[in-house]
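Written out below as structure tokens is the structure these notes cover.
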Amino acid sequence: MSRPEITEDMIFQCFAAAQQSADSTKTAQSFVDVEEYENQIMYPEFARWARTAGYPQLATLFMKVAGEEKLHAVWLRELYDDIGVPDRGEDTQRAIDALTTIRANCDALIAQNPDGVVEKALKVAISVEEREYQDIYPRFRDQARARGDLREAEVYQRVVDSEAEHAEWFRAALHEFQAGQVQAAAH
Ligand SMILES: [Fe+2]
Ligand SMILES: [Fe+2]
């Protein structure tokens, strides 16, 4: 019987990229949509994998980051009265579909190779955070600055700093995990 595999590329499909638009409200809506997706769906799922694999400390880290993604959405919502529940962006919907596909056989994979799944989730989390703090949100910040919207530029800068910190936490966690220093729960 062939063993199903979850590759890092497959998990990376769970990343939804916020879309920059000439219309700042549309950019803000896409940002809120993506951050709330990470808060409500993506990182809680990574946390579930870590918990199932027997690494409650890593599950706690994923949930801590999930909570901060919520905060990023809140910071930007404070500048807009009218975001409401943003329409699901195309890329977010694609990411949700990818996650649903993975979830369908993830538990079996975690049973076979728990460390492999957790290590890949950490690597993907690092890539997600790097894309955001090195590329996507600096562009949003620069666009707001060019428009003369300094309050909004300041929020995006705060988000860039926060995503950089998330990448750092995940790098440290991956390092410890690979060194066998993350305690596994009895299961
Ligand atoms: Fe975020
Ligand atoms: Fe983040």
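Each reported figure results from applying straightforward, stated rules to the coordinates on display, with no laboratory input. Computed from a predicted structure; not experimentally measured. All Cβ positions, even for glycine, are placed from backbone atoms using ideal geometry, and neighbour counts span all protein chains on display.
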Any idea what Rg and Dmax come out to for region 8-178 if you just take the C-alpha atoms, in Å?
16.1, 54
By average Cβ neighbour count within 10 Å, what is the ranking of 110-117, 159-166, 76-83 from highest down?
159-166, 110-117, 76-83
Here the relative contact order (percent) of the chain, from C-alpha pairs under 8 Å and at least 6 apart, is 28 percent
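Work out how much length ASP142 to THR101 would gain on full extension: take 0.36 nm times their residue separation and subtract the Cα-Cα distance, in nm to one decimal. Walk me through the numbers on the way to the answer.
Working: separation 41, 0.36 × 41 = 14.76 nm, distance 3.59 nm.
This chain segment gains 11.2 nm when fully extended.
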Angle between the chain longest axis and helix 43-52 axis [Cα atoms, degrees, rounded to 10]
10 degrees
Estimate the FRET efficiency between GLN93 and THR25 by the formula 1/(1 + (r/R0)^6), using the beta-carbon distance for r and 25 Å for R0, to the nearest 0.05.
0.80
Given the peptides 140-152, 25-37, arrange them by the average over their residues of other C-beta atoms within 10 Å, most packed first.
25-37, 140-152
Charges on Cβ only, +1 for Lys and Arg, -1 for Asp and Glu, centred on the Cα centroid of region 8-178; of ALA153, ALA59, TYR80, which one is farthest towards the dipole's positive end?
ALA59
Among SER24, LEU71, ALA95, which residue has its Cα positioned farthest towards the positive end of the charge dipole of the chain, with +1 placed on the Cβ of Lys and Arg, -1 on the Cβ of Asp and Glu, and the dipole taken about the Cα centre?
ALA95
ALA108-GLU154 pseudo-label distance in nm [points 7 Å out on the Cα-to-Cβ vector]
5.3 nm
Rounded to the nearest 10 degrees, the helix 114-131 long axis (Cα) sits at an angle to the longest Cα principal axis of the chain of 20 degrees
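Determine the gain in length on full extension of the stretch THR7-GLN40; use 0.36 nm per residue of separation and subtract their C-alpha separation, reporting nm with one decimal.
On the way: separation 33, 0.36 × 33 = 11.88 nm, distance 2.28 nm.
Difference between extended and current length: 9.6 nm.
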Tell me the label-point distance for the pair LYS123, TRP169, using the 7 Å Cα-to-Cβ offset, in nm and rounded to one decimal.
2.2 nm
Using only Cα atoms, find the angle between the long axis of helix 24-37 and the longest principal axis of the chain, and express it within 0 to 90 degrees, rounded to the nearest 10.
20 degrees
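Compare the peptides 43-51, 8-16 by average per-residue count of other Cβ atoms within 10 angstrom and give them in order, highest first.
Values: 43-51: 22.2, 8-16: 18.7.
The most tightly packed comes first, giving 43-51, 8-16.
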